[in-house]
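Peer 1: Sending over a structure as structure tokens; questions will come in a sec.
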Amino acid sequence: MSDARFEDGSDQPLRLIAQDGEGLAILAALCQDAVFPITEMRYAKTRRRFALLLNRFRWEDAEAAKTQNRRFERVQSLLVFEGVLAVKTSGLDREARDTVLSLLSISLAEDGQGGGTVTLVLAGDGAIALQIEALDASLRDTTRPYFAPSGKLPSHQD
């Protein structure tokens, strides 16, 4: 996987496409522990597109940062699903405009006909279920990485 830090403007940002369960698992791993304001989630019904503007931890650089004793980084990324027929949320208060959500995992339940349901599991028992025609997802970095404010790896331990 290429480094997306764009040092001196020479490196390209991360850009990935997922069209099967294995590809989605890679996107899910890279998006684990991403955070986003509830206002940065959009479903364009006529275009059949669902998008999230995420602030994600750069998991792909974590081992190198640790080895090289560098600070860990985050980057703003766009996660897009095409061919979305319907979106259903649970455990979310869409009216609470200042809510920041934390993405824990993404899974795919195929329907045997090429489509299925993609579920984005959120901290606090929230979820977003996308009914899809076929899996067509992409992840791309939209900003240069910056140092993670905490300077620590995300952790799910109490």
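The values are calculated or read from the model by the stated rules, or taken from the named source; none is laboratory data. No experiment lies behind these values; they were computed from the predicted model shown. Glycine gets a Cβ as well: all are built from the backbone with ideal geometry, and neighbour counts include every protein chain shown. With ligands, DNA and RNA removed, areas are computed over all heavy atoms of the protein, side chains included. Shrake-Rupley method; radii C 1.70, N 1.55, O 1.52, S 1.80 Å.
Peer 1: How big is the Cα convex hull of the chain in projection, averaged over all directions, in nm²?
Peer 2: 10.3
Peer 1: Please identify the trypsin sites (Lys or Arg not before Pro) of segment 46-81 that satisfy two criteria: DSSP loop assignment and at most 15 other Cβ atoms within 10 Å. Which are they?
Peer 2: Taking segment 46-81 and a limit of 15 other Cβ atoms within 10 Å, the loop trypsin sites (Lys or Arg not before Pro) found are R47, R70, R71.
Peer 1: How large is the accessible surface per residue of the chain, computed with a 1.4 Å probe and reported in Å² as a whole number?
Peer 2: Spelled out: the 1.4 Å probe surface of the chain, per residue, equals 57 Å².
Peer 1: Which residues' amide hydrogens lie under 5 Å from the amide hydrogen of E73, considering only partners 5 or more residues apart or on another chain, with H built in the peptide plane?
Peer 2: Residues meeting the amide H criterion: R58, A148.
Peer 1: Please name whichever of S107, Y146, Q131 sits farthest to the positive end of the charge dipole of segment 92-158, dipole taken about the Cα centre and charges placed at Cβ: Lys and Arg +1, Asp and Glu -1.
Peer 2: Of the listed residues, the answer is Y146.
Peer 1: Loop-only check: which trypsin sites (Lys or Arg not before Pro) in segment 93-158 are DSSP coil with at most 16 other Cβ within 10 angstrom?
Peer 2: When the trypsin sites (Lys or Arg not before Pro) of segment 93-158 are filtered for loop state and at most 16 Cβ neighbours within 10 Å, R94, R97, K152 remain.
Peer 1: Per residue, what volume in Å³ does the convex hull of the Cα atoms of segment 17-71 enclose?
Peer 2: For segment 17-71, the hull spanned by Cα atoms encloses 98 Å³ per residue.
Peer 1: The chain: longest stretch without exposed GluC sites (Glu not before Pro) (DSSP loop, at most 16 other Cβ within 10 Å), sites themselves excluded?
Peer 2: It works out to 1-94.
Peer 1: Of all the accessible heavy-atom surface of segment 72-121, with the other protein chains kept in place and a 1.4 Å probe, what percent is carbon and sulfur?
Peer 2: 45
Peer 1: Here is a follow-up. With +1 on each Lys and Arg Cβ and -1 on each Asp and Glu Cβ, and nothing else charged, work out how big the dipole of segment 29-130 is about its Cα centre, in Debye to the nearest 20.
Peer 2: For segment 29-130, the charge dipole is close to 340 debye.
Peer 1: Helix-only mean residue ellipticity at 222 nm, the chain, DSSP H runs n ≥ 4 weighted -39,500 (n - 2.57), per residue, nearest 500. What is it?
Peer 2: -3500 deg cm²/dmol
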